[in-house]
1. Scan the range 343-384 for residues that are part of a loop (DSSP other than H, G, I, E, B) and surrounded by fewer than 17 Cβ atoms within 10 Å (Cβ to Cβ) and report the count.
2. Which one of L157, L179, L194 is under 16 Å from the mean Cα position of the chain (by Cα) and closer than 15 Å to H231 by Cα?
3. Which one is modelled with the highest pLDDT among residues in the range 142-151 that are part of a helix (DSSP H, G or I) and open to solvent by 10 Å² or more (accessible area, probe 1.4 Å)?
4. Among the acidic types (D, E), modelled with pLDDT under 90 and open to solvent by 20 Å² or more (accessible area, probe 1.4 Å): does that describe E242?
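The values are calculated or read from the model by the stated rules, or taken from the named source; none is laboratory data. All values reported here derive from a predicted model rather than from experimental measurement. Please note: Cβ atoms are built from the backbone with ideal geometry, for glycine as well, and neighbour counts cover all protein chains shown. Side chains included, ligands, DNA and RNA excluded: accessible areas come from the protein's heavy atoms. Shrake-Rupley method; radii C 1.70, N 1.55, O 1.52, S 1.80 Å.
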Amino acid sequence: YLKISKLALAFAIIHSKPPGKSSKEYIEYLAKIVSKQDFGWKWKVEMLEAEVLRLRQELLLNRISPRFCLENRKQDISAETLLGQESINPTSYSSQLEDSGCDVCNDSAFDSLGIASDFHQSEHNVNTFKHWLERVSPLNLCHSSKEQSLTAPVQFLQCLLEIRKLSEGGILQADFSELENDSFTIWNSVSQLLDGLTVFYNSPKFPAPSFLTEGVSVLISLVTDTKLSNHVLKKCFKKIEEFKKNLIQIILRNKSVNRFQALHSVSQTLGLLGKNNILRNSLISLLLPEVRQFAEQLLQAHQVQSVYDITQYENIFLLCMILEQLLQNETQESNISSSDYGGEEKIKFLKNLDQIILHLSDEFPLFSLYLWRVSVLLNSGQMQ
């Protein structure tokens with residue numbers, strides 16, 4: 001029946017084609033019309049989905065803390081009233097990232113690898129909440145620019161973090177158990193945030209735009225907050241794991257000449273994610289096999305005197321630095337057992353590692369030193 005229907009449609013198209021136009025040209029013309037209609041419907045669907053998500057986000061915030069939403073809608077009561085005397089003077093952080101010998105000044109949300117700056121600036125948050133609660137139109141949520149795709153999830157998650165902050169100070173009453181009843185909204189919001197960050201890290205622009213700083217700040221605040229992190233990780237752990245894997249591959253595979261500034265930002269984000277104990281353990285388990293695999297490939301290339309990937313050799317040092325920092329943090333927290341993360345991966349990494357270091361030490365002394373330092377940290381963790 002399907003074949004007969006297709007054949008009948010083909011004959012109908014051929015018979016109805018206008019004069020002076022071939023059947024192929026007419027079919028291509030019809031296909032363009034249909035594709036334009038499909039694009040229009042897709043755009044409308046995306047717009048409606050974005051509006052539904054925004055309404056669900058606002059509803060969830062209202063369930064968690066009705067007073068927060070109501071008081072922010074009153075024109076005679078500003079958000080500063082809720083903050084009371086706890087306003088924090090915004091502090092600007094700046095750092096210079098070296099890129100191929102050229103210093104580039106850039107506002108950054110980080111101080112150094114593994115150390116998060118103060119992400120919450122009250123004055124900035126006040127404006128964000130007012131904007132969010134003014135009911136952003138659906139058209140603004142369906143951004144044509146990939147950079148602007150972070151705006152909606154960042155605003156929602158910033159509101160969530162501020163409710164948490166105000167409830168901790170006793171200014172607001174909030175029921176965060178409501179997060180358990182709406183896994184879709186949390187997962188969708190965090191997923192949009194992670195996808196947007198991945199897009200930027202794949203095609204970075206410098207100096208880094210402010211939306212990236214805000215996105216990373218919100219992500220780190222979520223996973224390090226004592227009350228919110230459990231809710232977020234419970235629903236979004238697999239998505240965050242995928243995000244970390246993507247960042248690791250971005251570091252390993254980037255071959256651009258001026259890549260070091262971009263890779264520095266990626267490595268900082270990975271280091272900051274490691275401030276969460278659960279994410280740190282899983283990140284160590286992801287990094288160990290990557291470093292071990294490259295060490296084995298480098299040893300094999302050295303033994304047969306074959307060419308090795310010099311770009312990947314340069315990039316692997318960032319993973320070694322992240323791994324060393326995470327292991328140092330791990331060993332400093334004696335209340336966490338070393339068996340909590342990658343026991344099998346740790347055994348594989350340490351197996352015959354001394355022989356690998358011995359064979360590589362003459363030709364690759366710096367990389368061998370990093371391998372040795374990582375092995376010392378792993379062994380010290382086992383002895384505790």
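1. The qualifying residues number 6.
2. Values: L179 fails: under 16 Å from the mean Cα position of the chain (by Cα); L194 fails: closer than 15 Å to H231 by Cα.
Just a single option satisfies the conditions, and that option is L157.
3. Only one residue tops the list, namely T151.
4. Numbers: among the acidic types (D, E): yes; modelled with pLDDT under 90: no; open to solvent by 20 Å² or more (accessible area, probe 1.4 Å): yes.
So E242 fails the test.
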